[in-house]
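Below is one structure, written out as structure tokens; comments come after it.
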Amino acid sequence: MPKITHVIKRSGAIVPFNPDRITNAIYRAAVAVGGRDRERAEWLTQQVVQHLEATIPEGKTPHIEVIQDAVEKVLIENGHAKTAKAYILYREEKDRRRREEGKLISKPSENVPWAKTWQILNWAVSHDVHTIEALNQRLLRGEFPQIVRESEVAYDRDVNIAAEMITERRKDLRIVLISGPSCSGKTTTTIKLEERLCGRGMCFKALNVDNYFFDLEMHPKDEFGDYDFETPQALDLELINEHLKRLSEGEEVSIPFYDFKTSKRHLDRTPLKLEEEEILLIDSLHGLYPAMTEAVPNEMKFKLYLEPLLQMKGPDDRYIRWTDIRLLRRMLRDAIFRAYNPQQTLEHWHYVRSSEMRNIIPYLATSDFIINSAMPYEIPLYRSKLLNQFTEWVTLYKEDPLREDAYIRAARIHKVLQAVEPIEDDSVVPSDSVLREFIGGSSLEY
């Protein structure tokens, strides 16, 4: 029986010691640098446990930092320098974010598009949707349909600007990348953008990068059986680059096919070639991630970034977080279109957010234009659809140290949903609205 039975988390909570968490952390770091040998990760975990049991006095509960130090030591001593570096960098990044959390930071974050955010805030103030309280007043006056129209017009204006910018560069472009974090509205925006550009005489072919996923069994998995498929390393970046380079040079390639029912990829399935006047259209989480398109010169790419940049203060006088808007959207979308329980979405979200902070958001400054996909009217709709479940989750996770992330998110969103006036009838939402991508009832074909 192992001497180590529990571990002390940074919060002070004592939780059962689970070596699988070490294996998952090692394997995740290995995947980040191109490795996919899970058996080796399991062997290294055994070395870590042996080291801990040899150095920690019997009966003493180690702190998580001690365990992480041991992981670094074992990785380096066994010749896995690249994996160790990825593990160390990820650890340092999480530590930095913890230090900054809740503190007043004097230096503005480079991960926030300040100019765009200011424009949206100015719009929100002028339309009385800058706080939950102001929004509620308009809702109580029966102005929900008007708020819907105003929000849709603002979004359409952004899409039109992006279309104009792409048109101006049409002679040089070979690829248009529509990027952004999960549930930012990429699919609907891609369709709307293509419609506008085709109306300007431009021709496109779409590339679905989901077909470049590695087999699911090759992705990192946690002790709950949840796979981490949110990282760019879940995709075959080398093959994507090879195909993009050849396509941009006018060659034909054979696109793989990923079968989501079997979670397996099949190579060389569909031929694809760009004609002289055609442009490749790619809708992807990781369109801005440098390693995904590094084989194609920047002047041949137009990079569009989407985010629901909602500028609305909640009941605690703090701005509602964009990640919470997207979590609510994904819960509804997954439940309607993917038979995925909203609770599973909440429990998986820490993977989504972690990957965003490392692989998506740091590159938003490299985009050519940013579209705001937030709809101030969506919050009242979410109260009717999800408030009861959030009430249950706050109670469920409150005393569970292994689900601390889920509890924090659930409690934060619960306060917002409680504070907003509910709207149950979504019939005034246009059938081609970006919001229909998540609540259902779209007239667009996805």
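The values are calculated or read from the model by the stated rules, or taken from the named source; none is laboratory data. Computed from a prediction, not measured in an experiment: that's the story for all the values here. All Cβ positions, even for glycine, are placed from backbone atoms using ideal geometry, and neighbour counts span all protein chains on display.
Out of the range 258-279, which residues are under 23 Å from the mean Cα position of the chain (by Cα) and either outside the structural domain of N211 (by TED's automatic domain parsing) or in a strand (DSSP E or B) (or both)?
Matches in the range 258-279: Y258, D259, K264, R265.
From L435, L444, L387, which residue is in contact (Cβ under 8 Å) with a residue 24 or more places away in the chain and within 16 Å of G314 (Cβ to Cβ)?
L387
So for the range 320-341 (the condition being free of Cβ contacts under 8 Å to residues at least 12 places away in the same chain, farther than 25 Å from Y446 by Cβ and not in a loop (DSSP other than H, G, I, E, B)), does at least one residue qualify?
No; the residues of the range 320-341 include none that is free of Cβ contacts under 8 Å to residues at least 12 places away in the same chain, farther than 25 Å from Y446 by Cβ and not in a loop (DSSP other than H, G, I, E, B).
Within the set of pairs 6 or more residues apart or between chains, which connect a residue that is farther than 16 Å from E251 by Cα inside the range 277-296 to a residue that is among the aromatic types (F, W, Y) and buried (at least 22 other Cβ atoms within 10 Å of the Cβ) with Cβ atoms less than 8 Å apart?
Sorted first by the residue in the range 277-296, then by its partner, the pairs are L288/Y305.
Across the range 385-412, what is the total count of residues that are among the hydroxyl-bearing types (S, T, Y) and exposed (fewer than 15 other Cβ atoms within 10 Å of the Cβ)?
2
Considering only residues of the range 280-291 that are aliphatic (A, V, I, L, M) and assigned to a loop (DSSP other than H, G, I, E, B), which is farthest from R170 (Cα to Cα)?
L285
Filter the range 77-121 for residues that are closer than 17 Å to A365 by Cα and among the charged types (D, E, K, R); which is modelled with the lowest pLDDT?
K107
Tally the residues that are part of a loop (DSSP other than H, G, I, E, B), out of contact with any strand residue (DSSP E or B) (no Cβ under 6 Å at 6 or more places or on another chain) and touching a residue at least 60 places away in the same chain (Cβ under 8 Å), restricting the search to the range 297-310.
2
Output yes when any residue across the range 58-74 is under 28 Å from E238 (Cβ atoms) and in a helix (DSSP H, G or I), and no when none is.
yes
For the range 217-271: of the residues being closer than 17 Å to T23 by Cβ and hydrophobic (A, V, I, L, M, F, W, C), which is modelled with the highest pLDDT?
M218
Give me the pairs, please: first residue somewhere in the range 226-248 and in the same structural domain as P290 (by TED's automatic domain parsing) and part of a strand (DSSP E or B), second residue anywhere and modelled with pLDDT under 85 and among the acidic types (D, E), beta-carbon distance under 9 Å, and either six or more positions apart or on two chains.
Y227/E217
Any residue in the range 40-52 that is in contact (Cβ under 8 Å) with a residue 60 or more places away in the chain and not assigned by TED's automatic domain parsing to the domain that holds P401?
no
I'd like the residue in the range 371-384 that is part of a helix (DSSP H, G or I) and touching a Phe, Trp or Tyr at 6+ places or on another chain (Cβ under 9 Å) and, out of all such residues, is surrounded by the most Cβ atoms within 10 Å (Cβ to Cβ).
E378
Before we move on, is I88 without any contact (Cβ under 8 Å) to a residue 40 or more places away in the chain, surrounded by 16 or more Cβ atoms within 10 Å (Cβ to Cβ), part of a helix (DSSP H, G or I) and under 29 Å from the mean Cα position of the chain (by Cα)?
yes
Testing P430 on (1) over 19 Å from R330 (Cα atoms); (2) part of a helix (DSSP H, G or I), one condition comes back false. Which one is that?
Failed condition: (2).
Show me the helices (runs of 4 or more DSSP H) entirely contained within the range 119-214 in which 3 or more residues are on the phi < 0 side of the Ramachandran plot and without any contact (Cβ under 8 Å) to a residue 12 or more places away in the chain.
Helices (runs of 4 or more DSSP H) meeting the threshold: 132-140, 144-168.
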